[in-house]
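S.K.: I have a structure here, written as structure tokens, and I will follow up with some questions on it.
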Amino acid sequence: MSAMSDPSSARLPERDRPWLMRTYAGHSDAKRSNELYRRNLAKGQTGLSVAFDLPTQTGYDPDDELAAGEVGKVGVSIAHAGDMHALLDGIPLDKMNTSMTINATAAWLLALYIVAADEQGVAESELQGTTQNDILKEYLSRGTYSFPPGPSMRLIADTIVYTVTRVPRWNPINICSYHLQEAGATPVQEIAYAMSNAIAVLDAVRARLDDDALMGEVFGRISFFVNAGVRFIEEHAKLRAMSQLWDELGAEHYGVTDAKQRRFRYGVQVNSLGLTEAQPENNVYRITLEALAVTLGRCARARALQLPAWNEALGLPRPWDQQWSLRLQQILAFETDMLEYPDIFEGSHVMEGLVAELVGGARAEIAHVAELGGAVEAVGYMKGALVQSHRERWGRIESGEQTVVGMNSFDTTEPSPLTADPDGGILVVDPEVEARQRAALQVWRSERDIDAVQAALRDLAAVADDPDQNIMPATIAAARAGVTTGEWAGTLRDVFGSYRAPTGVGEAAGMPSGDLVKVRDEVERISDALGRRIKFLVGKPGLDGHSNGAEQLAVRARDAGMDVVYEGIRLTPGQIAASAVQEGVHVVGLSILSGSHAELIPAVLAALREAGAGEIPVVVGGIIPELDAQVLLQAGVAAVYTPKDWDLNRTISDIVTLVGNRYGVGEVAPA
């Protein structure tokens with residue numbers, strides 16, 4: 001009897017349990033974030049998702065030069081075990097499922113979590129949660145790496161090996177395709193590069209296992225963190241394709257015989273790339289549709305879900321904004337009938353066709369990455385491909401081929417009451433947080449047993465220098481001794497060395513000349529008048545690793561005929577000023593999305609003046625509230641661009657005109 005003719009088969013015997021509901025949250029210091037977590041849990045949130053600030057993510061203490069302006073901005077500052085204790089105070093870790101978005105310093109933050117749990121009397125074997133711990137995607141998209149690829153893969157593998165045997169309910173890694181899509185990945189690329197990263201991780205773990213029989217346990221603890229865009233039908237097909245490929249990979253490549261261990265387990269934050277500054281209220285509908293992609297189909301439903309807030313293209317969300325997103329999850333789970341049915345896409349020819357198309361494309365791309373030597377060796381190739389895909393996506397938006405409601409179409413609007421308050425509808429972090437964290441860090445250092453700290457750091461260095469040892473026990477010992485985040489990471493940098501990931505800018509294909517004729521003519525005219533080609537430095541000061549905008553600006557400026565200097569992420573103001581002088585640039589463009597613009601942009605302006613280059617015009621782009629933009633302009637910035645300035649050709653044209661006017665050649669007639 002078919003499902004259509006048997007009414008009982010159209011419904012589940014019992015309603016499914018909802019997914020784990022999280023809100024990605026954390027800001028300022030541990031005490032304030034703890035208060036936020038408790039309020040969120042009281043509102044019905046069922047798991048924690050901890051956002052760390054950039055110094056914590058990249059392994060710097062709050063008083064480090066590179067941490068200036070970044071402390072407590074995009075997440076909570078955690079400098080030592082005392083901070084972690086305060087962050088989790090009153091939250092029962094034997095019952096809580098905690099996700100930590102942490103990568104380069106994942107081993108360290110997990111160690112701090114284990115120590116905090118021990119202080120609550122909770123054994124590490126009882127802990128539940130996830131560390132993201134996917135370093136490869138940091139080289140490709142998000143930029144919060146700290147060490148070279150080889151040692152980073154060792155850190156991942158050591159964390160996995162330790163948790164499988166000692167913290168068995170913990171997911172030691174989220175293979176993270178989320179940020180690949182944010183960097184421009186197509187669905188095929190998102191699937192293929194995530195699976196390629198997973199293969200690299202699994203191979204690294206297998207090489208460090210004492211018992212090959214544990215490989216099934218390892219495979220069963222690997223989870224994914226995926227993205228879901230507004231094309232929610234295709235996005236759901238993507239998840240079914242990933243489930244199919246993951247099952248095949250476990251069975252065929254790693255010999256995993258237990259079907260339960262081969263399940264594709266994933267958590268989600270839906271797309272932030274598509275959220276707009278223009279008419280930001282429309283983002284509520286986008287988020288809702290994206291949530292359907294990961295909840296509608298039972299066979300590929302998310303295990304955990306966190307939704308962005310409507311205003312994340314404007315700045316940090318407030319608690320009320322996060323509550324709005326949580327209520328959306330609760331309405332989907334508890335008011336709709338979504339959880340009452342078997343898989344509603346089963347037997348759909350459309351869905352089967354989409355899945356087959358994505359699986360075929362992903363297999364071909366996985367094979368190509370393997371031919372290049374695997375994901376670690378293919379970082380440069382994958383980065384270039386992502387920059388190119390993002391360039392093509394943005395070109396479709398600029399041409400109108402891809403509609404973005406409220407941005408490139410239907411842009412007539414009434415003033416929004418949601419952004420009418422003095423802060424523009426966003427959370428403004430207390431500017432004194434950084435000073436308080438620095439002062440608190442000095443107190444922590446003065447009160448600890450320095451001999452125990454130095455001994456722990458010596459042991460950590462010795463273990464790091466011995467590839468046959470697992471880094472986790474020494475890391476946990478360092479956390480107990482009172483070592484700081486910057487000391488732990490600095491010790492490993494001394495052993496492992498430093499690294500700068502490829503930018504992908506040089507690999508991106510040029511834009512067809514017809515799209516840039518007028519801008520190129522302007523570049524040629526001004527360059528001729530200057531006596532040399534316009535030279536444009538694109539810089540990213542501070543620790544912000546979200547480089548998509550900077551990369552696209554650099555590529556477009558190059559396509560327009562400029563001589564472009566782009567050295568990637570994580571530069572100090574002094575380094576940017578020195579490069580500007582050494583390269584003899586005509587204009588500097590700075591990109592910041594982490595909220596540190598108020599501190600870092602004036603610092604770059606001051607560094608340029610100190611270097612004798614104060615006459616070089618500076619333009620700034622990023623998530624910058626209107627009030628802050630006015631302050632920057634008064635400080636000497638020539639122009640400020642935000643996500644509402646989506647036409648890159650117009651931006652480049654503005655910059656060319658600025659150069660011409662600044663150097664007195666703006667009115668030169670074409671030859």
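S.K.: So if I check each of GLU277, GLU248, GLU281, which one is among the acidic types (Asp, Glu) and assigned to a loop (DSSP other than H, G, I, E, B)?
M.R.: From the options GLU277, GLU248, GLU281, the qualifying one is GLU277.
S.K.: While we're looking at this one, here's another question. Which ones in region 68-110 are outside any loop (DSSP other than H, G, I, E, B) and in contact with a Pro (Cβ under 9 Å, 6 or more places away or on another chain)? Even if it seems obvious, please write down each step before you answer.
M.R.: Going through region 68-110, the residues outside any loop (DSSP other than H, G, I, E, B) turn out to be 76, 81-87, 97-101, 106-110.
Once the filter is applied, which keeps residues that are outside any loop (DSSP other than H, G, I, E, B) and in contact with a Pro (Cβ under 9 Å, 6 or more places away or on another chain), region 68-110 yields ALA106, LEU110.
S.K.: On to the next question. Going by the conditions given, is ASP89 open to solvent by 40 Å² or more (accessible area, probe 1.4 Å), in the same structural domain as GLN329 (by TED's automatic domain parsing) and not aromatic (Phe, Trp, Tyr)?
M.R.: It is true that ASP89 is open to solvent by 40 Å² or more (accessible area, probe 1.4 Å), in the same structural domain as GLN329 (by TED's automatic domain parsing) and not aromatic (Phe, Trp, Tyr).
S.K.: Criterion first (touching a helix residue (DSSP H, G or I) at 6+ places or on another chain (Cβ under 6 Å) and either of a type outside the set (S, T, N, Q) or crowded, with 17+ Cβ neighbours inside 10 Å (or both)) does ILE199 satisfy it?
M.R.: So ILE199 fails the test.
S.K.: Follow-up. Quick check on region 256-277: of everything there that is β-branched (Val, Ile, Thr) and over 20 Å from the mean Cα position of the chain (by Cα), which residue is least open to solvent (accessible area, probe 1.4 Å)?
M.R.: Ranking the candidates gives VAL256 first.
S.K.: Turning to a different aspect of this structure: Would you check which residues across region 553-567 are in a helix (DSSP H, G or I), open to solvent by 10 Å² or more (accessible area, probe 1.4 Å) and closer than 16 Å to VAL619 by Cβ and list them?
M.R.: Matches in region 553-567: LEU553 only.
S.K.: Looking for something in contact with a Leu (Cβ under 7 Å, 6 or more places away or on another chain) and part of a loop (DSSP other than H, G, I, E, B) - is there at least one such residue anywhere in region 446-464? Let's see the steps before the verdict.
M.R.: Applying the first criterion (in contact with a Leu (Cβ under 7 Å, 6 or more places away or on another chain)) to region 446-464 yields 464.
Narrowing the set further to residues that are part of a loop (DSSP other than H, G, I, E, B) leaves none.
Looking for residues that are in contact with a Leu (Cβ under 7 Å, 6 or more places away or on another chain) and part of a loop (DSSP other than H, G, I, E, B), one finds none in region 446-464, hence no.
S.K.: Name the one entry in LEU305, LEU296, LEU332 that is part of a helix (DSSP H, G or I), farther than 30 Å from GLY568 by Cα, touching a helix residue (DSSP H, G or I) at 6+ places or on another chain (Cβ under 9 Å) and at pLDDT 95 or above.
M.R.: Working: LEU305 fails: part of a helix (DSSP H, G or I); LEU296 fails: part of a helix (DSSP H, G or I).
Within the list LEU305, LEU296, LEU332, the selection yields LEU332.
S.K.: Same structure, new question: Please verify whether PHE219 is touching a helix residue (DSSP H, G or I) at 6+ places or on another chain (Cβ under 8 Å), without any contact (Cβ under 8 Å) to a residue 60 or more places away in the chain and either part of a helix (DSSP H, G or I) or surrounded by fewer than 19 Cβ atoms within 10 Å (Cβ to Cβ) (or both), treating the condition exactly as stated.
M.R.: The answer is yes for PHE219.
S.K.: OK, next. Which number in (1) out of contact with any Leu (no Cβ under 8 Å at 6 or more places or on another chain); (2) charged (D, E, K, R); (3) open to solvent by 10 Å² or more (accessible area, probe 1.4 Å) marks the one condition that ARG570 misses?
M.R.: Of (1) out of contact with any Leu (no Cβ under 8 Å at 6 or more places or on another chain); (2) charged (D, E, K, R); (3) open to solvent by 10 Å² or more (accessible area, probe 1.4 Å), only one is false for ARG570: (1).
S.K.: While we're here: Of all residues in region 118-152, count the ones that are in a helix (DSSP H, G or I) and within 17 Å of THR101 (Cα to Cα).
M.R.: Residues that pass the stated criteria total 9.
S.K.: Okay, next question. Exactly one condition in (1) aliphatic (A, V, I, L, M); (2) within 21 Å of GLY664 (Cβ to Cβ); (3) crowded, with 24+ Cβ neighbours inside 10 Å is false for LEU530; which is it?
M.R.: The number of the failed condition is (3).
S.K.: Which pairs turn up if I take residues in region 480-491 that are at pLDDT 95 or above and look for partners that are hydroxyl-bearing (Ser, Thr, Tyr) and in a helix (DSSP H, G or I) with beta carbon separation below 6 Å, at least 6 apart in sequence or on another chain?
M.R.: Note: pairs meeting the criteria are THR485/THR56.
S.K.: Which residue out of PRO422, PRO431 is outside the structural domain of PRO55 (by TED's automatic domain parsing), over 30 Å from HIS80 (Cα atoms) and at pLDDT below 95?
M.R.: Details: PRO431 fails: over 30 Å from HIS80 (Cα atoms).
Of PRO422, PRO431, the one residue that is outside the structural domain of PRO55 (by TED's automatic domain parsing), over 30 Å from HIS80 (Cα atoms) and at pLDDT below 95 is PRO422.
S.K.: Within region 237-248, does at least one residue satisfy the condition of being open to solvent by 10 Å² or more (accessible area, probe 1.4 Å) and aliphatic (A, V, I, L, M)?
M.R.: The answer is yes, given that some residue of region 237-248 is open to solvent by 10 Å² or more (accessible area, probe 1.4 Å) and aliphatic (A, V, I, L, M).
The values are calculated or read from the model by the stated rules, or taken from the named source; none is laboratory data. Note that the coordinates shown come from a computational prediction; the quantities given were computed from them, not determined experimentally. Note that each Cβ is placed from the backbone with ideal geometry, even for glycine, and that neighbours are counted across all protein chains shown. Side chains included, ligands, DNA and RNA excluded: accessible areas come from the protein's heavy atoms. Shrake-Rupley method; radii C 1.70, N 1.55, O 1.52, S 1.80 Å.
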